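One structure below.
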Amino acid sequence: MSKLFIDTGAFLARELTHDQHHSAATEGWQMLADSDDRLFSTEHVLDETITLLARRESYAFAAECAATYLQSKAIEWLRPGMDDYNKAVKLMRKYADQSVSFTDCISFVLMRRESITRIFGFDRHFQAAQFRLWPA
């Protein structure tokens, strides 16, 4: 069983039919339904996702999505500790010229902590940090 991290882009593109990655995301989520991959994400990614859904669609829709994702038994929500936050700050400094978000830096740290090398998302910053985008 392999591990897969889910980034904001995969959540957003699944929910937003007008998103440029909607077709790829829908196909990816369908493949995951038939796989035995262990799925991971962070509360920071969830926060970012729900905030963006509220702004792009509606707060009611975003709240429904939040409830659905939080009730899912398929996704393991990773939580950073203070040491993880400090590592994320160092990474944010390292990638400052690439405008990598703090949320992404936290994801990088937690993915390394959990030995996760693949990410379901569309953000090229993850490739720069030596992670593999999925589906390729």
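Is it possible to state the helix-based mean residue ellipticity at 222 nm for the chain, with each DSSP H run of 4+ residues giving -39500 (n - 2.57), the sum divided by total residues, to the nearest 500 deg cm²/dmol? What is it?
Value at 222 nm, helices only, nearest 500: -17000 deg cm²/dmol.
Run the simple label-point estimate for residue 31 and residue 90 please: 7 Å along Cα→C-beta, distance reported in nm.
Simple spin-label model gives 3.3 nm for this pair.
State the extension gain, in nm to one decimal, for the chain segment bounded by residue 128 and residue 68, taking 0.36 nm per residue of separation less the distance between their alpha-carbons.
18.5 nm
Compute the angle between helix 43-56 and the longest alpha-carbon principal axis of the chain, please, reported from 0 to 90 degrees and rounded to the nearest 10.
Value to nearest ten degrees: 50.
Explain nothing, just the number: dipole magnitude of the chain about its Cα centre with +1 on each Lys and Arg Cβ and -1 on each Asp and Glu Cβ, in debye rounded to the nearest 20. Kindly include the intermediate steps, with their values, before the conclusion.
On the way: 16 positive and 19 negative charges, 106 e Å.
With Lys and Arg at +1 and Asp and Glu at -1, about 520 debye.
Which one of 12, 49, 126 is farthest out on the positive end of the charge dipole of the chain, using unit charges on Cβ (Lys, Arg +1; Asp, Glu -1) and the Cα centre as origin?
The residue sitting farthest along the positive end of the dipole is 126.
Cα axis of helix 22-33 to longest principal axis of the chain: angle in degrees, 0 to 90, nearest 10?
So the helix axis and the longest Cα principal axis differ by about 90 degrees.
Expressed in nm to one decimal, what extension gain is obtained for the pair residue 114 and residue 54 from 0.36 nm per residue of sequence separation less their Cα-Cα distance?
Roughly 18.6 nm would be gained on extension.
Using the number of other C-beta atoms within 10 angstrom as an exposure proxy, rank 105, 65 with the fewest first. Could you put the intermediate results ahead of the total?
Numbers: 105 24, 65 20.
Sorted ascending by nearby Cβ count, the order is 65, 105.
Quick note: the coordinates plus some simple rules give every number you see, no bench work behind them. Everything quoted here is computed from the prediction, not taken from an experiment. Cβ: placed from backbone, ideal geometry, glycine included. Neighbour counts: every protein chain shown.
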